[in-house]
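Below: one structure, written as structure tokens.
The values are calculated or read from the model by the stated rules, or taken from the named source; none is laboratory data. Small disclaimer: the values here were computed from a predicted structure and weren't measured. Cβ atoms come from the backbone with ideal geometry, glycine included; neighbour counts cover every protein chain shown.
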Amino acid sequence: MIEAARPNRALSGLKAYDPGHDLVALRALAGAHKLLELGSNENPFGPSPDALDAARASLQLAHIYPDPGGRALKRALAAHYRLDAAHITLGNGSHELLMLIAQAFVDPADEVLYAQFGFAVFALAAQAANAKARVIPALALDAEQPRGHDLAAMLAAIGPATRLVYLANPNNPTGTYFTQAALKGFLEQVPSRTLVVLDEAYFEYADAAKVADARALLEEFPNLIVTRTFSKGHGLAGLRVGYALAHADVGATMERLRESFNVNGVALAAAQAALADCAWMHNSVRDCVEQRELLAHGLRDLELLVTPSQTNFLLVDFRQPAATIEANLLACGVIVRPMGGYGLPNCLRVSVGLAADNARLIAVLRDILDEGRA
């Protein structure tokens with residue numbers, strides 16, 4: 001590395017986010033043969049037609065800058081959640097916001113806590129802020145939520161230097177969750193000086209009777225930040241729109257650091273239209289959840305360990321190193337997400353696709369497993 005390219009201390013050991021595969025290159029290699037892409041947790045049903053229409057119409061204004069504050073979308077979100085717009089910060093996906101939170105609130109002497117098998121961006125955010133990261137072991141495999149967050153252990157780990165705690169509910173990549181009662185009990189014992197970030201990227205897919213809704217606790221706990229996204233339930237992953245819900249003082253601090261125009265005009269228009277078309281989102285989520293349960297049943301029929309999920313993906317444990325199985329799937333044009341980087345070398349994460357996609361996955365995987373057993 002040339003001397004001029006030497007990174008600062010915070011970045012010296014930091015690696016870029018690993019998306020799993022170079023999908024653009026794989027698509028080019030596949031040519032006319034259609035890849036089955038089940039590695040990125042995208043919404044296979046796509047976005048609302050109204051969102052697509054709004055995106056197309058917004059291109060007429062492609063020559064001018066969008067609203068740097070995204071005020072129309074913030075007003076729509078404020079009305080949707082019955083909050084003041086001052087409680088909302090927009091991001092280029094929730095990824096940007098999770099990074100921005102650490103940059104805005106954490107000093108090098110501070111600690112950042114997150115769970116083992118938690119979302120990979122938590123570790124990146126802590127390291128980019130040059131903070132001390134503490135990884136709290138996950139629940140055991142025989143727990144009610146196998147490999148899920150151990151909230152009691154996380155609470156016990158909070159000390160005077162703990163500035164930030166990252167949680168994900170439901171969690172990526174495990175699909176596990178915790179309840180409203182568990183979350184409230186946790187927050188009641190977190191010191192007011194410590195911020196708790198609750199990433200709810202997959203919230204739309206969760207069973208409301210089981211999974212906590214952190215937004216409902218914002219007024220009671222001013223040290224809580226909730227991040228959500230239009231990438232999953234609303235099917236706008238390619239446009240990158242996320243948002244944070246927080247106390248107005250917390251939002252004001254984040255706004256100091258947020259880049260102007262961080263959400264482009266096409267994305268702002270599409271997200272606002274998607275938010276208005278609740279019926280489309282609810283229908284696509286309903287269909288995805290139905291396919292998720294059918295896919296989980298098919299995978300269990302192959303004698304695989306499948307973690308019960310409240311998301312649009314499944315964590316599949318092969319009880320053996322999964323790298324060869326993943327490579328064989330890729331050779332058959334099926335892309336799933338390897339989990340070695342998460343410390344789960346026996347697992348693959350499988351996104352839920354359309355019915356035909358899921359059937360193809362099961363058929364290919366059955367052949368691979370039968371050949372391996374033979």
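Assorted remarks:
- Matching residues, region 223-237, being of a type in the set (A, V, I, L, M) and within 15 Å of Leu97 (Cβ to Cβ): Leu224, Ile225, Val226
- From Arg319, Arg300, Arg228, residue being part of a helix (DSSP H, G or I) and either over 30 Å from Pro338 (Cβ atoms) or not hydroxyl-bearing (Ser, Thr, Tyr) (or both): Arg300
- For region 277-315, a residue qualifies if it is touching a helix residue (DSSP H, G or I) at 6+ places or on another chain (Cβ under 7 Å) and more than 22 Å from Pro173 (Cβ to Cβ), and the qualifying residues are Asp277, Met281.
- Among the helices (runs of 4 or more DSSP H) confined to region 40-125, the ones with at least 1 residues that are among the polar types (S, T, N, Q) and at pLDDT 95 or above are located at 49-58, 93-105.
- For region 270-301, taking the residues that are assigned by TED's automatic domain parsing to the domain that holds Leu354 and of a type in the set (S, T, N, Q), the one that is surrounded by the fewest Cβ atoms within 10 Å (Cβ to Cβ) is identified as Asn283.
- Set Ala129, Ala102: member being over 18 Å from Ala271 (Cβ atoms), under 19 Å from the mean Cα position of the chain (by Cα) and either touching a residue at least 40 places away in the same chain (Cβ under 8 Å) or surrounded by 17 or more Cβ atoms within 10 Å (Cβ to Cβ) (or both): Ala102
- Residue satisfying condition, being surrounded by fewer than 24 Cβ atoms within 10 Å (Cβ to Cβ), outside any loop (DSSP other than H, G, I, E, B) and either touching a residue at least 12 places away in the same chain (Cβ under 8 Å) or polar (S, T, N, Q) (or both), within set Leu167, Leu183, Leu187: Leu187
- Any chance Gly341 is within 20 Å of the chain's Cα centre (by Cα), surrounded by fewer than 17 Cβ atoms within 10 Å (Cβ to Cβ) and either of a type outside the set (Phe, Trp, Tyr) or modelled with pLDDT under 95 (or both): yes
- Looking only at region 304-334, and only at residues there that are of a type in the set (D, E, K, R) and within 21 Å of Gly148 (Cα to Cα), the one that is modelled with the lowest pLDDT: Arg319
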